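Single-structure report; data block below.
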Amino acid sequence: MLGAASGNRIAAFREAKDYAGCNWSALNSPTVDTNIYLLVFLWLDLLLLNKKVGVSPTVHYVDVLGFESTYLQSFPHDVLSLLLLFPLTPQHGEFRKKQDDEQKDKEPDAKVYFMKQTLENSCGLLAVIHAAACNKDKLSFDNDSALKNFLDKSADASPGDRAKLLEENEDLRSAHNSIAAEGQCRPNEDGIHFHLVVFTAVNGHLYELDGLTGKPIDHGPTSEGKLLEDAGKICKQFTEREHGDVRFSAVALVKAA
């Protein structure tokens, strides 16, 4: 189970910093006792970031404690997107190269909102943007929401132009850095950085949104109520490729009760 209390996992998360710009601080956790779950920190950072950028509390994040099918099938929430935090290892890099070849002839649905990551430490914010954009019709925003303003302005832009718009967006940068400033960061001793991706459904297909890839990754058909289970199968493949590495965490964006 991903949620098992572990001093090693907490230490790993404290040391985590995002991959791949300028003047963007790394999102990470404040120092706390090691009996707090790793994924609580991810949940807290994303929750605070949602509030900072103007997403009203019609949705919230819920811990996903494992990827076993029986657990996912009994998950008691209506899931809009799944967010996965994982280590960027050499194994992952080699897998992405093979996956790029497999995906080269697949054209994603035009309704999938996707943007590239060009700023260091911004994958947490990109995850919030991707999850919100692909579920925009299910969310409510504050009147002065910096995120809604960005989504409206970038709606018709290309993935690369959306990245440029984010580079120039002082409101989102300020919101991101104000959350990052509440934590304490130090480099991971083994040189491994961490990254955050989003799984979401658009027009009956499961997509993985990773700003470090060239386009959305199409994982095939999914159906209403099956997003978490189908995305969980892909996440389980992430963990299996790392041969015992437990530095993974996941949260689901769900509708508020």
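The values are calculated or read from the model by the stated rules, or taken from the named source; none is laboratory data. The model shown is predicted, which means the values in this text are computed figures rather than measured ones. Methodologically, a virtual Cβ is constructed for each residue, glycine included, from the backbone with ideal geometry; neighbour enumeration extends over all protein chains shown. All accessible areas refer to the heavy atoms of the entire protein, side chains included, with ligands and DNA or RNA removed. Shrake-Rupley method; radii C 1.70, N 1.55, O 1.52, S 1.80 Å.
A compact table of results
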| read-out | value |
| --- | --- |
| Flagged links, alpha-carbon separation over 18 Å, of Lys104/Lys215; Lys136/Lys255; Lys233/Lys255; Lys138/Lys255 | Lys233/Lys255 |
| Cut-off under 5 Å, modelled amide H: who pairs with Leu206 long-range | His219, Gly220, Thr222 |
| Rel. contact order, % - alpha carbon contacts under 8 angstrom, at least six apart, segment 189-257 | 19 |
| Residues with amide H under 5 Å from that of Leu80, placed H, sequence gap 5 or more | Leu253, Val254, Lys255 |
| For Asp218, solvent-accessible area (1.4 Å; no DNA, RNA or ligand), Å² | 20 |
| Probe 1.4 Å - accessible area at Lys215, Å² to nearest ten | 50 |
| Candidates per GluC sites (Glu not before Pro) in segment 119-175, loop by DSSP, up to 10 other Cβ within 10 Å | Glu168 |
| Under 20 Å from the Lys106 label point (7 Å along Cα→beta-carbon), backbone N, segment 132-155 | 134-135 |
